[in-house]
Amino acid sequence: MAISVIMPALEMAQETGKLLAWKKKEGEQVAKGEPLLEIETDKAVVEIEAPGDGILAGVTAQVGAVVPVGQTIAWLLKPGEQVPAQTAAAAPSARSVSAADRGAAAPAASVAQASAGGPQISPKARRLAKELGVDFSALRGTGPDGVITAEDIQAAAAAAAAPSAGEPMSQIARLMAERTTQSWTTVPHFFVVREIDATRLVAEHKRRAAAIEQAQGPRVTLTDLLVALVARTLAKHPRINATWTGSAIRLNKDVMISLAIAVPDGVAGTVIPRADALDLAAIAAQRMELTERARANKLRPADITGGTFTISNLGMYQVDSFTAIITPPQAAILAVGGIVDRVVAVEGQPAVRPVLTLTLSSDHRVIDGARAAEFMRDLAAALQDPEKILG
């Protein structure tokens, strides 16, 4: 039976994906699990594997095309099979399967709204048009059946704001701009800041990194140690690790740390699953693999999905402190600055100590001030005595 290749939904709010490359040529034999195509989402460039065995045929999307989530873009056929007739008509079925499998929202075409006598527009695009002040009545949509998508609205807003042609933006950069704008304008952020004496943290990092590397293990960074300690603290504070569903709070059973990694044109939120149960060497190994894949544009869908809490560390850029924007539907993000020598009071006397500044951004719909403060208190205790937490 012919297997449809569809544009996958990798996250809740994704409406489209940009096709960057086919890894196989039409007419070539493909094995299940082989790299088949590369797509660009708002988070990263992701490599998609073949859903089954077969001969690649009926390719309808070319490199550079922006395709609605769930649309069939090719088929995998057995010898003697033909590309199914009315491929386009099969797309809605494929879309619904994709959305159900990944827990994603239905694509724009299935929920498009039409003004009286006006164009069809997705609910997300309508909200964005209102936020950006875009008149969409004369726009031609790029979605199925001419539906106006959020990407169309973003492009119209950018064109109106720019008097002349500017630097072109990638799909990642455009959608990251849209997503951060949406988060900042719709999520009620508040911030809790904590300065920590990092003397023991630095010493413990040096000791453990040396031991792991001596045993031929991966190179361990301070970020790896932070992931281990943050994850273990999150396990004791389920509300900080929770998700906002739009109308309720969902407590996540697993701690899935999303680590912000800089890539060309944006930031990739790569996920270390169940980090609270991993030792330091395992965290370092996963972080290294994710970083290499992100910078080589070889991330897989599993690498960027399922995050429940984000850590953004700019300390290596000599940033003292900063505040970060929450990545919905997560409820919080931790911004980590650099470790800086400062004069502090120690037993009533001035002394120079390495100081680390942490800033927690929280969604007030999920987390109140007391919960955020309690989490930061326990995290500070963990960072100031990491051996007690890690054993």
Hey, ALA248 without any contact (Cβ under 8 Å) to a residue 40 or more places away in the chain and more than 18 Å from the chain's Cα centre (by Cα) or not: yes
Here are some conditions: (1) assigned to a strand (DSSP E or B); (2) within 25 Å of ALA173 (Cβ to Cβ); (3) open to solvent by 20 Å² or more (accessible area, probe 1.4 Å); (4) not β-branched (Val, Ile, Thr). GLU289 meets all but one. Which one does it not meet? (1)
Here the qualifying pairs (Cβ atoms under 8 Å; residues six or more apart or on different chains; first in the stretch 258-274 and more than 13 Å from LEU299 (Cβ to Cβ); second part of a strand (DSSP E or B) and open to solvent by 50 Å² or more (accessible area, probe 1.4 Å)) come out as ALA260/VAL267
Tell me, which residue of the stretch 171-201 that is open to solvent by 40 Å² or more (accessible area, probe 1.4 Å) and of a type in the set (A, V, I, L, M) is farthest from GLY266 (Cα to Cα)? VAL193
Which number in (1) part of a helix (DSSP H, G or I); (2) open to solvent by 30 Å² or more (accessible area, probe 1.4 Å); (3) of a type outside the set (Asp, Glu); (4) out of contact with any Leu (no Cβ under 6 Å at 6 or more places or on another chain) marks the one condition that HIS205 misses? (4)
Just need a number here: residues in the stretch 176-195 that are modelled with pLDDT of 95 or more and either more than 20 Å from ILE333 (Cα to Cα) or out of contact with any Lys or Arg (no Cβ under 9 Å at 6 or more places or on another chain) (or both). 5
Take the stretch 227-256 and flag every residue that is in contact with a Ser or Thr (Cβ under 7 Å, 6 or more places away or on another chain) and among the polar types (S, T, N, Q). ASN241, THR243, ASN252
Given the condition assigned to a loop (DSSP other than H, G, I, E, B), in contact (Cβ under 8 Å) with a residue 12 or more places away in the chain, open to solvent by 60 Å² or more (accessible area, probe 1.4 Å) and charged (D, E, K, R), answer yes or no: does some residue in the stretch 216-223 qualify? yes
Does the stretch 292-311 hold any residues that are surrounded by 20 or more Cβ atoms within 10 Å (Cβ to Cβ) and more than 12 Å from the chain's Cα centre (by Cα), and which are they? ARG293
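The values are calculated or read from the model by the stated rules, or taken from the named source; none is laboratory data. Since the model is a prediction, treat every value here as computed from it, not as a measurement. Heads up, the Cβs are rebuilt from the backbone with ideal geometry, glycines too, and the neighbour counts pull from every protein chain shown. To get the accessible areas, we keep the full protein, side chains included, count just its heavy atoms, and leave off ligands, DNA and RNA. Shrake-Rupley method; radii C 1.70, N 1.55, O 1.52, S 1.80 Å.
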